[in-house]
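The values are calculated or read from the model by the stated rules, or taken from the named source; none is laboratory data. Keep in mind the model is a prediction, meaning the values are calculated, not measured. Here Cβ is always computed from backbone atoms with ideal geometry, including for glycine, and neighbour counts include all displayed protein chains.
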Amino acid sequence: MPEMCPKCGLPKEICVCEVLDRETNRRIKIFKEKKKFRKYMTVVSGLSGEEMERTAKELKRMLACGGTYKNGMIELQGDHKDAAKKALLQLGYQEETIDMS
């Protein structure tokens, strides 16, 4: 018997939870912070759980930078605001849900 998704009850192979999560009215915010030694960090907030982990891994790979995810935020080393938005669009997030400040 195939493994079932706990959210939608469908088999994992045809689970649509990830797609539905991306299409909801949740707001994703992208901004940059200045850290120690005048270094910049790009922060992406508004994601949660397993989706945040996968998105952080893909953003780090696509932007060729280091980073982490914690406390509901993805922190990327360097100033990658515009590139992060383009990468999120490539990952399937809606442009209307992404705010840049």
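When segment 77-101 is examined, which residues are found to be under 18 Å from MET52 (Cβ atoms), outside any helix (DSSP H, G or I) and among the small types (Gly, Ala, Ser)?
GLY92, the sole residue that qualifies.
Out of the residues in segment 33-76 that are surrounded by fewer than 17 Cβ atoms within 10 Å (Cβ to Cβ), of a type in the set (S, T, N, Q) and outside any strand (DSSP E or B), which is farthest from the chain's Cα centre (by Cα)?
Among those residues, the one meeting the criterion is ASN71.
Among the listed residues LEU20, LEU47, LEU63, which satisfies the condition of being touching a helix residue (DSSP H, G or I) at 6+ places or on another chain (Cβ under 6 Å) and within 28 Å of MET4 (Cα to Cα)?
None of the others qualify; the one that does is LEU47.
Determine the pairs where a residue that is under 16 Å from LYS35 (Cβ atoms), located within segment 59-83, has a partner that is polar (S, T, N, Q) with Cβ atoms under 6 Å apart, the partner being 6 or more residues away or on another chain.
Here the result reads CYS65/GLN77; GLY66/GLN77; GLY67/GLN77; MET73/SER45; GLU75/THR68; LEU76/THR42; HIS80/THR42; LYS81/THR42, each pair linking segment 59-83 to a residue that is polar (S, T, N, Q).
Answer yes or no as to whether GLU75 is acidic (Asp, Glu) and at pLDDT below 95.
Taking the combined requirement at face value, the residue does not satisfy it.
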